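The structure under discussion appears below in the form of structure tokens.
The values are calculated or read from the model by the stated rules, or taken from the named source; none is laboratory data. Remember, it's a predicted structure, so these values are computed and weren't measured experimentally. Methodologically, a virtual Cβ is constructed for each residue, glycine included, from the backbone with ideal geometry; neighbour enumeration extends over all protein chains shown.
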Amino acid sequence: MQNEAIAERQEIRVGGLPIGGEQVVVMAGPCAIESFDQLVSLGKQLREMGVSILRGSAYKPRTSPYSFQGFGKEALKWHSEAKKEHGLLIETEVLDTRDVELVAEHVDLLRIGMRNMQNFALLKEVAGCKKPVILKRHISATLEEWLLSAEYLMAYGNSQVILCERGIRTFETTTRSTLDLGTMVAARLGSQLPLIVDPSHAAGKRELVAPLSKAAIAAGADGLLIEVHECPSEAVCDGRQALLPSDMEVLIPQLASVATAVGRWL
Ligand code: PEP
Ligand code: MN
């Protein structure tokens, strides 16, 4: 059953998959792409569970220049090659205007990370590539600033925008960021665009990811972006917040129940 609020929303398509409709879409995968085999193995397991899109970053924006920066072009190739094996749609972050064309050739869905939400040159370049794009909210952005950045993408030619709430910077240090579901709900009321939630970067801790995921769907999110790793202790980045595939197996049926409770399905 589709309620009125949902019926008014703009649906976008990633491959053939509608986002922003009745279905709640789960995107999951490693923070950073570490190998071809990692993508094939994780992709196959996640597909079995009902995940639709495999996330994974080839280029990593790191706070420290000494942290792992991503395997770059090589990882992009692994991502598109692995797709033939696991059959999921794939997404990745684009960091640099010079990489937009190459990244768009390799994946179904681009991601503009929170640090680049107001990189206007990048927004314009991504607007030109015509691939659907996730626009993350910056940790210090107001709703208005976030929506204006989405407006850049649309004004320059790309209406296939998915907003992503991923937590903001507050005085609280227990969590990596503070998941701002209040503003997420306001964003749904103030914009037609599909809206997903990234509980992983908001939480920074594995044990918080499942409850935040359920809360996000209950509050009306159109999808989730969740970090998953087969061996979090060996992950090159963000292992502390990564769920195990076995955690996902438990979580997904619970998410489906929450979705049903709010008139959606997963
Ligand atoms: C990510 O999703 O890989 C990421 C770097 O997140 P954010 O841009 O929200 O920090
Ligand atoms: Mn990460």
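Inspection of region 34-48 finds no residue satisfying the criterion of being part of a strand (DSSP E or B), among the β-branched types (Val, Ile, Thr) and either farther than 19 Å from ALA104 by Cα or in contact with a Lys or Arg (Cβ under 8 Å, 6 or more places away or on another chain) (or both).
Working only within region 190-248, note down all residues that are under 21 Å from ILE33 (Cβ atoms), small (Gly, Ala, Ser), over 14 Å from the mean Cα position of the chain (by Cα) and in a helix (DSSP H, G or I). Within region 190-248, SER233, GLY239 meet the criteria.
Going through region 202-236 one residue at a time, which ones are within 26 Å of ALA75 (Cα to Cα) and surrounded by fewer than 23 Cβ atoms within 10 Å (Cβ to Cβ)? Selection gives GLY204, LYS205, ARG206, GLU230, CYS231, PRO232, SER233, GLU234, ALA235, VAL236. Within region 150-182, the set of residues being among the small types (Gly, Ala, Ser) and touching a helix residue (DSSP H, G or I) at 6+ places or on another chain (Cβ under 6 Å) comprises GLY157, GLY167, SER177.
Give region 123-146 a look and list any residue that's assigned to a helix (DSSP H, G or I) and either crowded, with 21+ Cβ neighbours inside 10 Å or at pLDDT below 95 (or both), or say none. If you could, list the steps in order and put the result at the bottom.
The first filter runs over region 123-146 and keeps only residues assigned to a helix (DSSP H, G or I), leaving 123-129, 143-146.
Within region 123-146, LEU123, VAL126, CYS129, TRP146 qualify.
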